[in-house]
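Note sheet for the following structure.
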Amino acid sequence: MISKVLIANRGEIALRIIAACREAGLATVAVHSEADRDSLHVRMADETVCIGPAYANVSYLNITAVIAAAEITGADAVHPGYGFLAENAHFAEVVGECGLTWIGPPPEAIRLMGDKATARRTVAAHEVPILPGSAEPLTSREKAVELAESIGFPVILKASAGGGGKGMRVASDARELRHAFDTARHEAERAFGVADVYLEKYLTSPRHIEVQVMADTHGRVVALGERECSIQRRHQKLIEEAPSPVVDEELRGRMCEAAQKCAEAVGYVSAGTVEFLYDGGEFYFMEMNTRIQVEHPVTEAVTGIDLVLEQLQVAGGQPLSFRRRPKITGHAIEFRINAEDPVTFAPSPGTITELCYPVGPGVRIDTHITKGYRVPPYYDSLLAKLIVSGRDRREAIRRAGRALSMLVVGGVKTSIPLHQRIIEDPDFVEGRLSTQFMERFAQRD
Ligand code: MV4
């Protein structure tokens, strides 16, 4: 059992975790940087500890300071949220070694899935479909060319230590591949300290469809259906929805089964997400994220399950509150409201001078901002998540139009106008989505 949770995060997710702790009757400890002294997660927590200066590497990423805060306050569990230390296997291990409960997957599952080449090999051994490519990191340019010629161009090189789009290179022929091999290795070495790259057949315009999984310490793994996250820009998701407009019950069954196998393959516990690429024919494993994700509320909206509350219960040794895959009811769409220029996407820090929330059916807002809040320049630019739901996709989109028009965030530039344009786009309305959507969208005007 756990009784006091330290939240090793900030912003909207810190507040979201506090909300779940409060429902579970658990006390909360907020840690914060000097820049976040006045933020809402600090105000709402039962206890608070300042763990360092504004820069994340000396506060939210400072393992020693986070652990010290847990010891000082007598917290007995740590929830990492997303980002920061959430997928740091070493941190998860240290938490355990200090006698604290880690609210997340076993460190070994984080480590296995964190190495993308190993993850690919591991799930493939459990009959999860992967794209043709290399089973191990590539040892030479010529081996890369040989393999690429056998599977056919285009191919993509990915950093084993990467993920989320960093250190990727696409090649359309042998000449490009020779060059890409060197630059990809160089980039991987610089970004992750490990030069290893592997190769896959490249899909030119796939959808990004991911499956939420939840597992407990009693050996039960349940898949909770998919989210479509194809609307991204520079590997930053902008809009996510559940269910995917192209996934029928038959495909959902197969994807959920594959996701369940991925989780079982690594002895998974807690909330996780298995990402797939889908090109209309087959779906293929891409990577597994071993954390609660930003977009978890769309799954909550269509399943009625509180995923963060389930995480707390699972960490306390309780079984999942459901035994099998829940029925998907209605449709939900999440819009990430970022403090950024809607055209250039440059961050737009500043003070929130005005703030009004939309009202009416089918609206949820997860946010930490208030009127007068100063958006610090040190962290990511997510201000709020607007989640709309309806009986079907059309109703959800109609409600999105209403909610976006009623949402007022003054003082900083936001992505609200961009979302308003996207939901009027015929391809979006018809559900014709792909990872190339934003490139094409930008070219249209
Ligand atoms: C791919 C791909 C096409 N084919 N792999 C981007 C993030 C990283 N996790 C993997 N990514 C991709 N891998 C193969 N074999 C296309 C992408 C990709 C992408 C994937 C999901 C969402 C947006 C994307 C944007 C560009 C490329």
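Annotations
- Checking each residue in region 406-445 for being touching a Pro at 6+ places or on another chain (Cβ under 8 Å), away from the ligand (no atom under 16 Å from the Cβ) and not charged (D, E, K, R) picks out M406, L407, V412, T414, S415, I416, P417, L418, G431.
- Residue match in region 1-21 (condition: among the hydroxyl-bearing types (S, T, Y), farther than 28 Å from F192 by Cα and surrounded by 20 or more Cβ atoms within 10 Å (Cβ to Cβ)): no
- Test: residue in region 184-191 that is within 12 Å of the ligand (Cβ to nearest atom) and either among the small types (G, A, S) or more than 30 Å from P297 (Cβ to Cβ) (or both): no
- Qualifying residue in region 99-109 (condition: out of contact with any Phe, Trp or Tyr (no Cβ under 8 Å at 6 or more places or on another chain) and surrounded by fewer than 16 Cβ atoms within 10 Å (Cβ to Cβ)): yes
- Boolean, T367 is in contact with an Asp or Glu (Cβ under 7 Å, 6 or more places away or on another chain), farther than 17 Å from R399 by Cα and either modelled with pLDDT of 95 or more or buried (at least 18 other Cβ atoms within 10 Å of the Cβ) (or both): yes
- Some residue of region 201-222 being in contact with a Pro (Cβ under 6 Å, 6 or more places away or on another chain) and among the aromatic types (F, W, Y): yes
- Qualifying residue in region 337-354 (condition: of a type in the set (S, T, Y), farther than 30 Å from W102 by Cα and outside any loop (DSSP other than H, G, I, E, B)): yes
- Long-range neighbours under 6 Å by Cβ, at least six apart or interchain, first residue at positive phi within region 201-218, second more than 8 Å from the ligand (Cβ to nearest atom): none
- In region 96-113, the residues that are under 18 Å from I292 (Cβ atoms) form Cβ pairs under 7 Å with partners that are assigned to a helix (DSSP H, G or I) and among the acidic types (D, E), at six or more places apart or across chains, as follows: P107/E93.
- In a residue-by-residue description of region 144-154, the property of being farther than 25 Å from S270 by Cβ, part of a helix (DSSP H, G or I), under 24 Å from the mean Cα position of the chain (by Cα) and within 16 Å of the ligand (Cβ to nearest atom) applies to no position.
- Test: residue in region 127-134 that is within 16 Å of the ligand (Cβ to nearest atom), hydrophobic (A, V, I, L, M, F, W, C) and assigned to a helix (DSSP H, G or I): no
- Condition met for V49 (outside any helix (DSSP H, G or I) and surrounded by 24 or more Cβ atoms within 10 Å (Cβ to Cβ)): no
- Residue list for region 184-216, filter: crowded, with 16+ Cβ neighbours inside 10 Å and of a type in the set (S, T, Y): Y198, Y202
- Unique residue being in a helix (DSSP H, G or I), outside the structural domain of E34 (by TED's automatic domain parsing) and polar (S, T, N, Q) when the list is T139, T122: T122
- Residue match in region 192-201 (condition: within 16 Å of the ligand (Cβ to nearest atom), part of a helix (DSSP H, G or I), at pLDDT 95 or above and over 16 Å from F285 (Cα atoms)): no
- Applying the set (1) more than 16 Å from the ligand (Cβ to nearest atom); (2) under 18 Å from G114 (Cβ atoms); (3) in a helix (DSSP H, G or I) to E300 leaves exactly one unmet item: (2).
The values are calculated or read from the model by the stated rules, or taken from the named source; none is laboratory data. Quick caveat, the model's predicted, so the values are computed rather than measured. Don't worry about glycine lacking a Cβ; one is built from the backbone with ideal geometry, like all the others, and counts go over all protein chains shown.
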